[in-house]
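Just so it is clear, none of the values below were taken in a lab; they were calculated from the coordinates. Keep in mind it's a predicted model, so treat the numbers as computed, not measured. Don't worry about glycine lacking a Cβ; one is built from the backbone with ideal geometry, like all the others, and counts go over all protein chains shown.
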Amino acid sequence: MRFGKFDLSIIRECVFKLDGGAMFGVVPKALWSKTSPADEENRVVLACNLLLIDTGEKKVLIETGMGDRWSEKERERYGLKSLVSSATILDQVNLKPEDIDFVVISHLHFDHVGGATMVKDGKLVPVFPNAQYVVQKGEWDFAFKANARAKASYRPDDFVPLQEHNQILFVDGDHEVVPGIWVKVTGGHTSHHQVVYFESENDKGVYFADIIPTKSHVTPPWVMGYDHYPLISCDIKSDWLARAAQENWLVVFDHEPGIPWGRVKVDGNKFAFEALAEDSLTFASGKGKALASVG
């Protein structure tokens, strides 16, 4: 999709399932199940939607998804269906992993950085060999001292090899990655969780990462049980959604299993998401395909 002078593409890396109660926190199932129906194990369908921004000068990939280093038992637990491999992740946009200049990681949970590394010749190496991976230093530090509640979401094999290959760009707070693309620290989900804000000419957009993982989370109080600081998440969502609605930003949801991008509107005293048309997900080259079905 053309966005000012940028080209944007969604890459659906996988579909998976997580517990619905964990995804919606204190919201009763009678409410969240209307928009996110659960299976017999109370799991809801999610996706890993990566965003590729081609500025014309640099290629920036936002997130890496789950990756393919999972046992059969783990795949069954998460209902994980990989849609691409580490080697083929960019095939649908006619690129190779070597073409990526920067990879932005919102935070170091396995469903965001799991696809950052792969096994090659028996060793763990970065999937994108020429890229700098943009990581908040505070998030990195926390990953090694997370308490019993938080540590299960951090797998060192996902990110330690990035440092060993000198491919991490540590940032401390808001940072302009390349002209027109910024990381902005929100906190909430983790203490140093970051979203990605981008603008070109008159167009503005935001990749919400896990502050607003799906369209069902647009209502500010609907925050995940996984959030370390849910009250902060609620307030941050309200602020960002108000700006997005007022200025008609493009918004992108990392875990939305349907159409993952569109606009936010104010409907009375509530926020409402209006998805773009499905054909917005077909790549301009004509060689790419729309998102895979999650049915």
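Okay, here's what the table says:
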{"quantity": "Pick from the range 91-109, criterion of a type in the set (A, V, I, L, M) and farther than 30 Å from Gly187 by Cα, ranking: surrounded by the fewest Cβ atoms within 10 Å (Cβ to Cβ)", "calculated": "Leu95"}
{"quantity": "Count - residues of the range 199-238 that are over 20 Å from Phe102 (Cα atoms), of a type in the set (Gly, Ala, Ser) and not in a helix (DSSP H, G or I)", "calculated": "1"}
{"quantity": "Filter result for Ile181 (touching a Ser or Thr at 6+ places or on another chain (Cβ under 9 Å) and free of Cβ contacts under 8 Å to residues at least 40 places away in the same chain)", "calculated": "no"}
{"quantity": "Index of the failed condition, Val119 passing every other in (1) in contact (Cβ under 8 Å) with a residue 12 or more places away in the chain; (2) at positive phi", "calculated": "(2)"}
{"quantity": "Residue among Val196, Val160 that is aliphatic (A, V, I, L, M) and part of a strand (DSSP E or B)", "calculated": "Val196"}
{"quantity": "Extreme residue, nearest to Gly21 (Cα to Cα), among residues of the range 31-70 that are of a type in the set (Gly, Ala, Ser) and not in a loop (DSSP other than H, G, I, E, B)", "calculated": "Ala47"}
{"quantity": "Of residues in the range 12-30 being out of contact with any Asp or Glu (no Cβ under 9 Å at 6 or more places or on another chain) and in a strand (DSSP E or B), the one nearest to Asp227 (Cα to Cα)", "calculated": "Val15"}
{"quantity": "Positions within the range 45-68 being surrounded by fewer than 23 Cβ atoms within 10 Å (Cβ to Cβ) and touching a Gly at 6+ places or on another chain (Cβ under 7 Å), in sequence order", "calculated": "Thr55"}
{"quantity": "Residues (under 17 Å from the mean Cα position of the chain (by Cα) and in a loop (DSSP other than H, G, I, E, B)) located in the range 239-248", "calculated": "none"}
{"quantity": "Complete set of residues in the range 132-157 that are under 24 Å from Pro230 (Cα atoms) and outside any loop (DSSP other than H, G, I, E, B)", "calculated": "Val135, Gln136, Lys137, Gly138, Glu139, Trp140, Asp141, Phe142, Ala143, Lys151, Ala152, Ser153"}
{"quantity": "Residue in the range 163-172 that is closer than 27 Å to Gly4 by Cα and in contact with a Lys or Arg (Cβ under 9 Å, 6 or more places away or on another chain) present", "calculated": "yes"}
{"quantity": "Within the range 129-157, considering residues that are under 18 Å from Ile100 (Cα atoms) and touching a strand residue (DSSP E or B) at 6+ places or on another chain (Cβ under 9 Å), the one surrounded by the most Cβ atoms within 10 Å (Cβ to Cβ)", "calculated": "Val135"}
{"quantity": "Qualifying positions in the range 133-172 - under 17 Å from Thr190 (Cα atoms) and acidic (Asp, Glu)", "calculated": "Glu139, Asp141, Asp172"}
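For every residue, the table says whether it meets (1) in contact (Cβ under 8 Å) with a residue 24 or more places away in the chain; (2) touching a strand residue (DSSP E or B) at 6+ places or on another chain (Cβ under 7 Å); (3) within 23 Å of Leu124 (Cβ to Cβ); (4) not basic (Lys, Arg).
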{"position": "Pro28", "(1), (2), (3), (4)": "no, no, no, yes"}
{"position": "Val45", "(1), (2), (3), (4)": "yes, yes, no, yes"}
{"position": "Leu52", "(1), (2), (3), (4)": "yes, yes, no, yes"}
{"position": "Arg69", "(1), (2), (3), (4)": "yes, yes, yes, no"}
